[in-house]
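Comments concern the structure below.
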Amino acid sequence: MDRSKISERVLCYHCGDPCEKEHVQFEQHDFCCHGCKSVYELLRSCDLDGYYEYAENPGIKTLKAPSSEKFSFLDEETIQRKILSFKSEKLAKVTLRLPAMHCASCIWLIENFRKLVPGVIESRVNFVKREAAFTYEPDIVNLRRLVEQLAAIGYEPVLNLAST
């Protein structure tokens, strides 16, 4: 193996994947794509930069906003009654299975979800079960929006309606 041909690889500050020649640079950090840069900017704008202190390159690479109709079924009251553990006019609670959680950074981000989504009061992670319990104000954020926001940052919940 000719070591003279090995060059230093630049890794994405968010996800750790190799950055290609024309990668994105922002605030003295390298990103492999605009998606990773966008999540970094979102976390910074919500004063959540501490996310990066828990692990080197903790982010998830495949960030895609869900289609606008993917979670539309969550607007139905009958579905919500099956999923929510509690709902009143001022408060709702739900526990969601989030299989993409894999490290301390994931736990930290989910437990600070209230800073990302107005109306979320609290979120508690059970890492062993890969679940998070959310308490939120339904007049500010609804179940569909909560799930869409989780999916948009890489934590799409598993919603098994057959078992409800």
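The values are calculated or read from the model by the stated rules, or taken from the named source; none is laboratory data. Computed from a predicted model, the values in this text were never measured in an experiment. Every residue, glycine as well, gets a Cβ built from its backbone with ideal geometry; the counts of neighbours run over all protein chains shown. These accessible areas exclude ligands, DNA and RNA; they are computed on the full protein's heavy atoms, side chains included. Shrake-Rupley method; radii C 1.70, N 1.55, O 1.52, S 1.80 Å.
Once the chain from Lys82 to Val128 is taken as fully extended at 0.36 nm per residue, the excess over their C-alpha distance is 14.2 nm. When the residues Ser123, Ser45 are ordered by accessible surface, computed with a 1.4 Å probe over the protein chains alone, the sequence from largest down reads Ser45, Ser123.
Within region 72-143, list the trypsin sites (Lys or Arg not before Pro) lying in a DSSP loop whose Cβ has at most 13 other Cβ atoms in a 10 Å radius. Present the calculation step by step, with values, prior to reporting the outcome.
Details: sites: Arg81, Lys82, Lys87, Lys90, Lys93, Arg97, Arg114, Lys115, Arg124, Lys129, Arg130; in loops: Lys90, Lys129, Arg130.
Within region 72-143, the qualifying trypsin sites (Lys or Arg not before Pro) (loop, at most 13 other Cβ atoms within 10 Å) are Lys90, Lys129.
Can you tell me the FRET efficiency between His29 and Cys103 if r is taken as the Cβ-Cβ distance and R0 is 30 Å, rounded to the nearest 0.05?
Numbers: r = 19 Å, r/R0 = 0.64.
Once the sixth-power term is evaluated, E becomes 0.95.
Summarising the amide proton neighbourhood of His14: residues at separation of 5 or more, or on other chains, whose placed amide H is nearer than 5 Å comprise Cys32.
Solvent exposure of His102, expressed as accessible area, is near 100 Å², computed with a probe of 1.4 Å over the protein chains only. Neighbours of Ala92, meaning other residues whose beta-carbon lies under 15 angstrom from its beta-carbon, give a summed charge of +2 when Lys and Arg score +1 and Asp and Glu score -1.
Using a simple charge model, +1 on the beta-carbon of Lys and Arg, -1 on the beta-carbon of Asp and Glu, nothing else, what dipole does region 88-155 show about its Cα centre, in debye to the nearest 20?
Working: 10 positive and 7 negative charges, 36 e Å.
Using only the charged Cβ atoms, the result is roughly 180 debye.
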